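These notes are about the structure you will find just below.
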Amino acid sequence: MMRVMTWHGGDKFTLDQIPDPTAKPGRVVVKVDTIGVCGTDVHITQGLFPSTPPKVLGHEGSGVIVEVGDGVDKSRIGDRVVMNTTSHCGVCSACTTWSESRCENADLTSGMFAEYATAPTQSAVKIPDDLDLEQAALTEPASCCLSGSEMMRIDEGGIGVVIGGGIMGLFTLAFLKRRGVERMIMSEPVAARREMARQFGADLLHDPADGDLSDFVKDHNDGYGANLAAEAVGRPELVAKCVEVVRPRGQVLIIGVAPEGAPLPVDLYDMHYREITVKGAFGRGDVFARTPEEINKLDLSGVISGRYDLQNVPQAIVDSGEGKGVKFVIKP
Ligand SMILES: [Zn+2]
Ligand SMILES: [Zn+2]
């Protein structure tokens, strides 16, 4: 028997004992090492992101393959892996034209707030030998940021802004910088998060309490706005702020998850006149499998701010929602 944390709607969870999973054809069983608590998990329990209970949540897991089903190479047993939440067929319209993570024939990985999870063998992606399993659990959120950052046009010598120094903002900043944005600004009210942004490549740190972000950008850019700005908080007024801080032909990336139904409070005349582009960035696109190598190039020390047992998933979700740290993880 294995332990699994089941969500029953709202903030209700039960710790259940269920039979150990077996590997179906084409799938593997993974002994879960670490699962990140995601903003999406927080939003689901707050009713801000649609999901239907009862359900095992948790989609940012790493672990070791302990069993394989028919058709899967036995040599995979023992592989250290991160789990993608979906597989991709490679032949459907989504796979061939724009995004594997939107595959129309996707097979799902099981919920990971559990001792074991099962995944299509393709979705259990081997990680570099020198990347530890705990840090590897950051792959899923990082992949969304990598995918989003790769949607952006990079202007030579440009300046970029990220609003929000949580895990999504930090990864977005790091990947934009690595893609060639010359200078990156992190705007974040919490000092500890601002400082962590340096570790991820921030050149300039802005505290909203010290003055307006638009003025800050212009002061550091010869009076011009930024080439691009990313919102990584999930507040409509901050997306509007991104529109404000970019220069003509500037680009805005929406990484944060705003509440469903939230309108964008911007002046459409201004967007038209200044030719601003706004892009949504939700998912992993086509980049999940190469994300472990990309995060292995970053200094991830101190990013994991708290570790919880499986029975403390509800507390981890509450703490995560309060923005006390950067990333909380579950160790089943
Ligand atoms: Zn996530
Ligand atoms: Zn497909």
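The values are calculated or read from the model by the stated rules, or taken from the named source; none is laboratory data. Here the structure is a predicted model, which is why all the values come from computation and not from measurement. Cβ coordinates were reconstructed from backbone atoms using ideal geometry, including for glycine residues, and neighbour counts include every protein chain displayed. Remember, those area values only see protein heavy atoms, side chains included, never the ligands or the DNA or RNA. Shrake-Rupley method; radii C 1.70, N 1.55, O 1.52, S 1.80 Å.
If the label point is 7 Å along Cα→Cβ of E260, which residues in the stretch 44-60 have backbone nitrogen under 20 Å from it? So the set is 44-59. Estimated at the nearest 10 Å², the accessible area of K324 is 140 Å² with a 1.4 Å probe. Sort all Cα-Cα distances of the chain into consecutive 10 angstrom bins from zero, then give the percent of pairs in each bin up to the one containing the longest distance. Result, from short to long distances: 6, 25, 33, 23, 10, 2, 0 percent. The distance between label points at W98 and A209 comes to 4.2 nm (points 7 Å beyond Cα on the Cα→Cβ vector). Let me make sure I get this right: for the stretch 152-280, a, b and c are the square roots of the gyration tensor eigenvalues over alpha carbons, sorted descending. Under 1.5 in a/c it's rounded, otherwise prolate if a/b > b/c, else oblate. Which is it? Verdict is rounded for the stretch 152-280. Less than 5 angstrom separates the built amide H of K55 from those of W7, all sequence-distant by 5 or more or on a different chain.
The share of accessible area on the chain that comes from carbon and sulfur is 50 percent, using a 1.4 angstrom probe. Pick out which of D267, D79, D130 has the largest mean-square fluctuation in a Gaussian network model of the chain, springs linking Cα atoms closer than 10 Å. In this elastic network of the chain, the residue with the biggest mean-square fluctuation among D267, D79, D130 is D130.
Coordinate range of the alpha-carbon atoms in the stretch 1-113 per principal axis, descending: 40, 39, 19 Å.
For the peptides 252-264, 134-146, residues were scored by their other Cβ atoms within 10 Å and the scores averaged per peptide; the highest-first order is 134-146, 252-264. Here M151 sits with roughly 80 square angstrom of accessible surface, probe radius 1.4 Å.
Based on DSSP H segments of at least four residues, each scored -39500 (n - 2.57), the chain has a per-residue ellipticity at 222 nm of -7000 deg cm²/dmol.
Restricting the calculation to Cα atoms, the stretch 119-214 yields a radius of gyration followed by a Dmax of 15.0, 51 Å. Placing a label point 7 Å from the Cα of K24 along the Cα-to-Cβ direction, the residues of the stretch 70-107 with a backbone N closer than 11 Å are 107.
Between L268 and D222, the distance separating the two model label sites (each 7 Å from Cα on the Cα→Cβ line) works out to 3.5 nm.
May I ask for the Kirkwood hydrodynamic radius of the stretch 62-193, worked out over all distinct Cα pairs and given in angstroms to one decimal? The partial results should precede the final answer.
Values: mean 1/r = 0.0588 Å⁻¹.
The answer is 17.0 Å.
Across the stretch 259-322, the fraction of Cα-Cα pairs farther apart than 15 Å, rounded to a whole number, is 76%. Summary of packing: across the peptides 87-96, 39-48, the per-residue average of other C-beta atoms within 10 Å ranks them, highest first, as 39-48, 87-96.
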